[in-house]
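Structure first, then comments.
All of the numbers you see were taken from the coordinates with simple rules; none came from a lab. Since the structure is predicted, the reported quantities are computational estimates derived from the model, not experimental observations. We place every Cβ from the backbone using ideal geometry, glycine too, and count neighbours over all the protein chains shown.
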Amino acid sequence: MIALRASALILALTAAWPVLAQSDALGSNPIIRDIFSADPAALVVGDKVYLYVGRDVSTTERYNMPDWLAYSTTDMKTWTSHGVVLKPTDFKWARSDAYASQVVEKDGKFYFYATAKHNKPDTAMAIGVAVSDSPTGPFVDARGTALITNDMTPDAKHDWSDIDPTVFTDDDGTSWLMWGNEKAYLVKLKANMIELDGPITEVSLPHYTEGPWLHKRGDMYYVSYASWDKGDAGEYISFATASSVQGPWTYRGKLTGMAENSTTIHPAIIDFKGQSYFFYHDGAWSIGDQKGGSYRRAVRVEPLYYNADGTIKPITQTKAGVSVGPKP
Ligand code: FUB
């Protein structure tokens, strides 16, 4: 209880204060240095980027993720903390495990799609949605029940198959939810963003493990995702392209190598002020005597560049991050 109060106090004190006070160049990696953070999801709203992360507090080799935090920036280098904006128990149906999330805007409201562990009797991971009038909350459970539960994907054999939501709204206003561990699933959302509008279909994506991120550029649809092949020590990011969010998807190869010192990596891609960016996490950052790792990760960002044919150039994971500015 004392530890919880202390961490709440620290978060309250850091809220709305610049996050970084470091000697490195502004914009260098990692972005967040005072806590461990993972599973970045970025959202552009006007002249700001909002960044949502799950907080890693594990001192063991298991996930311990109590809540989601939000940050914002106007220049991609100076980040302001908005503190904890949602926790699993804010969902009536959930108990713990603030796994990957994504916040999207539709018609002036902000929808926070999040993975968390479901209450009994089926304590599998599930996906819920919370809503707010502001990108920094307060977010409230939009349904009172999970949007995706384990029984909806009966072909998946483990209880963390329903994790890592990404939501994409197409030019015609139709929104789609993709998610999944080991298998990727896709379903249409109703216009209200909080109900399914059709069958769940499985998406064929070579080397797929988890963490999909959907985006579109011109006429091309992209899905980037964590991949893991037999014998690998950890995940890397792959991407595929299509002429429709419903596929079929053409595999385009590796976008990144493995994350340093972390078995997982997780993508988020945005365009902001004329430049594209790629967010991810690794386990290379230490805080005091707490060593980083697969369960104590740190969120980072790199510029992202496209080839003339619309494919994405491979991304190098750097210490400099965006401190050196985009290439011409
Ligand atoms: O952070 C918990 C889980 O690890 C996420 O849901 C996955 O994408 C992986 O990063």
Principal axis dimensions, the range 58-159 - Cα atoms, whole angstrom, descending
43, 38, 22
What's the Cα-based Rg to Rh of the chain, Rh via Kirkwood?
0.93
The range 101-210 - percent relative contact order, Cα under 8 Å, separation 6 or more
19 percent
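Within the set Lys87/Lys188; Lys106/Lys183; Lys291/Lys319; Lys77/Lys319, which residue pairs have Cα atoms separated by over 21 Å?
The pairs that break the limit, which is 21 Å between Cα atoms, are Lys87/Lys188; Lys106/Lys183.
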Taking 1 over the mean of 1/r across every pair of different Cα atoms in the range 108-236, what Kirkwood radius in Å do you get?
15.5 Å
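So, with +1 on the Cβ of K and R and -1 on the Cβ of D and E, and no other charges, what is the size of the charge dipole of the chain about its Cα centre, to the nearest 20 debye?
Value, rounded to 20: 600 debye.
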Here the net charge surrounding Thr153, from other residues whose Cβ is less than 11 Å away from its Cβ (Lys, Arg +1; Asp, Glu -1), is -4
CD proxy, 222 nm, the chain: helix-only mean residue ellipticity via -39,500 (n - 2.57) per DSSP H run with n ≥ 4, per residue, nearest 500, stands at -1500 deg cm²/dmol
